[in-house]
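The values are calculated or read from the model by the stated rules, or taken from the named source; none is laboratory data. What you see is a predicted model; the values in this text were computed from it and never measured. Note: ideal-geometry Cβ built from the backbone for every residue, glycine included; neighbour counts use all protein chains shown.
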Amino acid sequence: MFKIIRHEIDAMIARDPAARSRLEIILCYPAFHAIMGYRVTHWLWQRGFRIVARFVSQLLRWFTGIEIHPGATIGKRFFIDHGMGVVIGETAEIGDDVTLYQGVTLGGTAPSVESDGQRGLKRHPTLEDGVIVGSGAQILGPFTVRRNARIGGNAVVLAEVPEGATVVGIPAKIVRRETDDRFCAYGTPSGDLPDPVARALEDLTREVQGLRNRVVELEGEKAGGAARPEKPRIVAASE
Ligand SMILES: CC(C)(COP(=O)(O)OP(=O)(O)OC[C@H]1O[C@@H](n2cnc3c(N)ncnc32)[C@H](O)[C@@H]1OP(=O)(O)O)[C@@H](O)C(=O)NCCC(=O)NCCS
């Protein structure tokens, strides 16, 4: 039990550049209080103590500014940075290592209360492992945000997001198709990630080298002997 809590705290420290110690997380992080509280309310919810679970959940919302419905399903090492204004609906499902920033809504779109037959139907999103959701983003509906996807601040997401994609805007559109699966604070890749421009230049250089080799081969064939192609090498931009 304490080991699990320690892992949860360490995951928060790892993901918040402002966090300095476990004690700071325990005393000053509403996310810690809300998530630990949710683990209790979810336990109550699953055992049929639904009104108690909802009541405790409302108290937690009052103290932390974070509203997590006890029926939601949340994986390990979940982190909500700052937290105020986060709303997570009843049928939301969240994988491991997911990060939300303040003001995020995992909301429903399908009607649910007009008839009892629709009560409890899936109407909130599923966030797979490693997803990062920027502040103020609204993810609305019973679709899936795939592994390691990133949602821009204030985006309104209304449809499935592919694995590793970054989406921004209203309604959200893809601006990047692949991201590194390592966590980066605020969803923005850090400087040590591969530079896409440098990568494109390397590909281009390799292609030019291949063409050079082909020309040497053809010249060799024309001259009657097979010339040995040069070994591929990365050339400097100034060469
Ligand atoms: C979406 C996000 C993850 C993208 O980061 P990135 O991969 O570094 O992407 P870039 O900054 O290169 O932006 C890519 C494009 O999306 C646009 N963009 C980025 N974030 C945007 C946003 N939130 N809303 C609208 N457009 C956005 C950029 O202007 C850029 O457009 P361009 O190609 O036309 O110039 C990041 O911008 C973001 O919003 N992170 C959340 C940060 C947050 O919530 N911080 C709160 C901490 S308290």
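Structure notes:
- Output for the stretch 61-104, where each listed residue is in a strand (DSSP E or B), over 16 Å from His33 (Cα atoms) and either in contact with a Gly (Cβ under 8 Å, 6 or more places away or on another chain) or among the charged types (D, E, K, R) (or both): Glu93, Ile94
- Just one of the numbered conditions (1) on the phi > 0 side of the Ramachandran plot; (2) buried (at least 18 other Cβ atoms within 10 Å of the Cβ); (3) among the small types (Gly, Ala, Ser) is not true of Gly48: (2).
- Any hit, the stretch 129-140, residues being among the acidic types (Asp, Glu), assigned by TED's automatic domain parsing to the domain that holds Leu106 and either more than 15 Å from the ligand (Cβ to nearest atom) or in a strand (DSSP E or B) (or both): yes
- Conditions (1) surrounded by fewer than 18 Cβ atoms within 10 Å (Cβ to Cβ); (2) part of a helix (DSSP H, G or I): number failed by Ala31: (1)
This table checks each residue for (1) surrounded by 11 or more Cβ atoms within 10 Å (Cβ to Cβ); (2) within 16 Å of the ligand (Cβ to nearest atom); (3) over 29 Å from the mean Cα position of the chain (by Cα); (4) modelled with pLDDT of 75 or more.
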{"residue": "Tyr186", "(1), (2), (3), (4)": "yes, yes, no, yes"}
{"residue": "Gly191", "(1), (2), (3), (4)": "no, yes, no, no"}
{"residue": "Pro194", "(1), (2), (3), (4)": "no, yes, no, no"}
{"residue": "Thr205", "(1), (2), (3), (4)": "yes, no, yes, yes"}
{"residue": "Gln209", "(1), (2), (3), (4)": "yes, no, yes, yes"}
{"residue": "Glu217", "(1), (2), (3), (4)": "yes, no, yes, yes"}
{"residue": "Gly220", "(1), (2), (3), (4)": "yes, no, yes, yes"}
{"residue": "Ala226", "(1), (2), (3), (4)": "no, no, yes, no"}
{"residue": "Pro229", "(1), (2), (3), (4)": "yes, no, yes, no"}
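- The number of residues in the stretch 153-164 that are within 12 Å of the ligand (Cβ to nearest atom), part of a loop (DSSP other than H, G, I, E, B) and surrounded by fewer than 23 Cβ atoms within 10 Å (Cβ to Cβ) comes to 3.
- A single entry from Val175, Val167 fulfils the requirement of being assigned by TED's automatic domain parsing to the domain that holds Leu140, modelled with pLDDT of 95 or more, surrounded by 17 or more Cβ atoms within 10 Å (Cβ to Cβ) and outside any loop (DSSP other than H, G, I, E, B): Val167.
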